[in-house]
Amino acid sequence: MRLKTSLLKEPKHILCHRKKPWNIMKHQDLVSCVGWTTADELYSCSDDHQIMKWNPVTSETTRVVKLPDEVYPLDLHWFPRGTGGKKQSQAESFVLTSSDGKFHLISKLGRVEKSVEAHCGAVLAGRWNYEGTALVTAGEDGQVKIWSKSGMLRSTLAQQGTPVYSVSWAPDSDKVLYTSGKQLIIKPLQPNAKVLQWKAHDGLILKTDWNSVNDLILSAGEDCRYKNSKMGISFLRIQKWQFPSLELKMGISFLRIKNGNFLPQCSSHRQGWSYALEKPNTGSIFAISWSIDGTQLAGACGNGQVIFAHVVEQHWEWKNFEITLIKRRTMKVHNVINDAVDLLEFRDRVIKASLSCGYLVVSTSLQCYVFSTKNWNTPLIFDLKEGTVSLILQAERHFLLVDGGGLYLYSYEGRLISSPKYPGMRTDILNAQTVSLSNDTLAVKDKADEKVIYIFEALSGKPLGDGKPLTHKTEIVEIALDQKGLTSERKIAFIDKNRDLFITSVKRFGKEQKIVKIGTMVQSLAWNDTSNILCGIQDSRFTVWYYPNTVYVDKDLLPKTLYEKDASEFSKSPQIVSFVGNQVTIRRADGSLVHLHIPPYPSILHEYVSSARWRDGVRLCRFVKDQTLWACLAAMAVANKDMTTAEIAYAAIGEIDKVQYINSIKDLPSKESRLAHMLLFSGNTQEAETLLLQSGLVYQAIQININLYNWERALDLAVKHRTHVDTVLAYRQKFLGDFGKKETNQRFLQYAEGV
């Protein structure tokens, strides 16, 4: 991936001196700030006091307005277009900060709506929050101020002795990040809330940005470095550049840093590897700005020019296909098996694409194209409601489009299936770690309360099960749905902020959710596309859970169903990109991709079990002679109530006590009793008791509680059904007698008097 840059032949920002007739000459003056209104329209401000409008498609440039001579622009930020598809009434205006201590609210047509005296000295930065309800400014006087959208002062958030060079809003607009010398400070808007401060650089910090999608903070300073941080924890310290960084901006999936007259393009993930480096001949670049769709970039240059760049050579891979974006509107498809090459031409600029499950889904600025990998010549095309698609997720039967207006599930025939909604939905901050899609289920992590996951039925868009969201005890970082199996057995795996990995069922009807931890210190995870196998980077190991459902069947068996490999070769903080077939693709910290193969036998075993071919499963395990595979078969057999196969598998791994218990279950007279004891074998005591009581087997329900030493519950059942009270008391007396104890429980003493 790289950027293709372009410049007009002549700079448009020119300063003319007319004080002396013999000194009439043109000076190219620096452009100080730029900002996109739409994907095809850019505004720029310069020290020549002009505001210019640019169209990079037609290369047209027009002057919007000439500012007063005392106004030297420093920063520009457009009013947000709106969240949740609701357009703001003020969206056609922007804030412009200047060196005279004022900020100006200017309309798109160039009319100065209001000028406000804000700071003593230059106003170095001004930023609208994401909702457009507040404006923050930072000045040379060391003050950070919050203003209403009409320009009325609300509060002075901070006051210090050094200039504040940069300021950014938190994604939820409840905190502000600003610079203080070598320090970064996060200050909440609430008066008595805790302030977070840490040393981020060895030199003066000049620029910051806070990514609303992955919550990462980026900073750059005079120590010629930039860093990725998250709430005070620095993840990345990049090597020194030649010059201090003057500007940086995070896009949807990558960031740009202005460093002297260099334009490095880097990943916006925690690793921050470098994609490409451009060296335009434009002098220093004082400001950069991403377009709304994240595919174009503009830079304010020191020689009076505005540099434009767009992303090319993006790559997508799936099985034997490699796809490359070679131009704005052209993709190249390469089949590595037969070396066939196809070119895909589009009417408009490509914004987003996804390749998986046998389909290529491409979103342009106006339309969506769906190609089958079997036929590249006849795509299905339909119009988009809003062109700024920020995320595409694919499942076997349908795909999800996320744009500024909402979530949309489409079939591969182009039919709109559903459009799920939830309270406080903000689609601009969703990414592949916070949204997951399967054939029948959609899961979305809530941003307002990060402990909550909303789960929807894919076909209807309605909440799944009892309608209540899934709630965890701590904040959730990443979620993933399994891809195969029945809807009633659908599982979701998620990592919380402590880096613990949990798994739970998505379908619940009034039952208490059973969330089980299956891993610790997990950095990244992914489900297999063809079977319910889960993989993850766990501390210094690469781990594969061949059958994660084991934790619900026989928790003690789970460690025996794992495949583990040393992950030190993947360097620090690797990320799993995909898990297709038997191949896992992992991205290392330097951006390189590593392909790892796992044994194919667990996938084959999953296929046999899903079609109830138990004999074939046993034959496979005997052929492979692997204890891990036998353990998986044992858990699968218990989960599917196949006692014969379970007995064989447990015997193969030496679990003799469980073999004996399974034999005792097979000897039970009634079907209900056998099912209840299978539930008991899996640790589901409550469900086993309920099944026995519904079948009228009261004594067996009492007996399983006695066997588990649940004396209180056994007595409750006996009293409630007026039977076997004496039996419970006798077992209790024998139990206490074995340990030489006397009865002290008043209930048991009371009922003992009446027997």
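The values are calculated or read from the model by the stated rules, or taken from the named source; none is laboratory data. Fair warning: this is a prediction, and the values are worked out from it, not measured in the lab. Please note: Cβ atoms are built from the backbone with ideal geometry, for glycine as well, and neighbour counts cover all protein chains shown. Ligands, DNA and RNA are excluded from the accessible area calculation, which covers all protein heavy atoms including side chains. Shrake-Rupley method; radii C 1.70, N 1.55, O 1.52, S 1.80 Å.
A few comments on the model shown:
- Applying the criterion of at least 3 residues that are within 22 Å of Ile492 (Cα to Cα) to the helices (runs of 4 or more DSSP H) found wholly in the stretch 543-644 leaves 550-553, 601-610, 627-639.
- Residue, least open to solvent (accessible area, probe 1.4 Å), within the stretch 284-323, restricted to residues that are of a type in the set (Asp, Glu) and outside any strand (DSSP E or B): Asp293
- Residue match in the stretch 736-748 (condition: open to solvent by 80 Å² or more (accessible area, probe 1.4 Å) and touching a Leu at 6+ places or on another chain (Cβ under 8 Å)): yes
- When Thr208, Thr133 are screened for being open to solvent by 40 Å² or more (accessible area, probe 1.4 Å), touching a residue at least 40 places away in the same chain (Cβ under 8 Å), of a type outside the set (A, V, I, L, M) and within 30 Å of Asp293 (Cβ to Cβ), only Thr133 passes.
- Residue, nearest to Asp293 (Cα to Cα), within the stretch 339-353, restricted to residues that are open to solvent by 80 Å² or more (accessible area, probe 1.4 Å) and part of a loop (DSSP other than H, G, I, E, B): Arg347
- Exactly one residue out of Val136, Val164, Val176 is outside any loop (DSSP other than H, G, I, E, B), more than 27 Å from the chain's Cα centre (by Cα) and in the same structural domain as Phe103 (by the TED database): that is Val136.
- Top-ranked residue in the stretch 685-701 [being free of Cβ contacts under 8 Å to residues at least 12 places away in the same chain and under 25 Å from Val551 (Cα atoms); ranked as least open to solvent (accessible area, probe 1.4 Å)]: Thr690
- Residues in the stretch 555-574 that are open to solvent by 10 Å² or more (accessible area, probe 1.4 Å), under 22 Å from Ala646 (Cα atoms) and touching a residue at least 24 places away in the same chain (Cβ under 8 Å): Lys555, Leu558, Lys560, Leu562, Tyr563.
- Of the strands (runs of 3 or more DSSP E) contained entirely in the stretch 372-435, those carrying at least 1 residues that are surrounded by fewer than 18 Cβ atoms within 10 Å (Cβ to Cβ) fall at 375-383, 406-411, 416-418.
- Qualifying residues in the stretch 702-723 (those that are in a loop (DSSP other than H, G, I, E, B) and open to solvent by less than 70 Å² (accessible area, probe 1.4 Å)) - the one farthest from Phe681 (Cα to Cα): Thr723
- Filter pass, Leu680 being open to solvent by 30 Å² or more (accessible area, probe 1.4 Å), within 39 Å of the chain's Cα centre (by Cα) and within 30 Å of Phe739 (Cα to Cα): yes
- Pair list, Cβ < 7 Å and 6+ apart or interchain, from the stretch 278-306 residues that are without any contact (Cβ under 8 Å) to a residue 24 or more places away in the chain to residues that are of a type in the set (Phe, Trp, Tyr) and surrounded by fewer than 24 Cβ atoms within 10 Å (Cβ to Cβ): Lys279/Phe262
- Only one of Leu157, Leu184 that is within 21 Å of Thr133 (Cβ to Cβ), assigned to a strand (DSSP E or B) and assigned by the TED database to the domain that holds Phe286: Leu157
- Total residues in the stretch 613-632, condition within 11 Å of Thr645 (Cα to Cα) and among the small types (Gly, Ala, Ser): 1
- Per-region count, the stretch 611-640, residues on the phi > 0 side of the Ramachandran plot and under 37 Å from the mean Cα position of the chain (by Cα): 1
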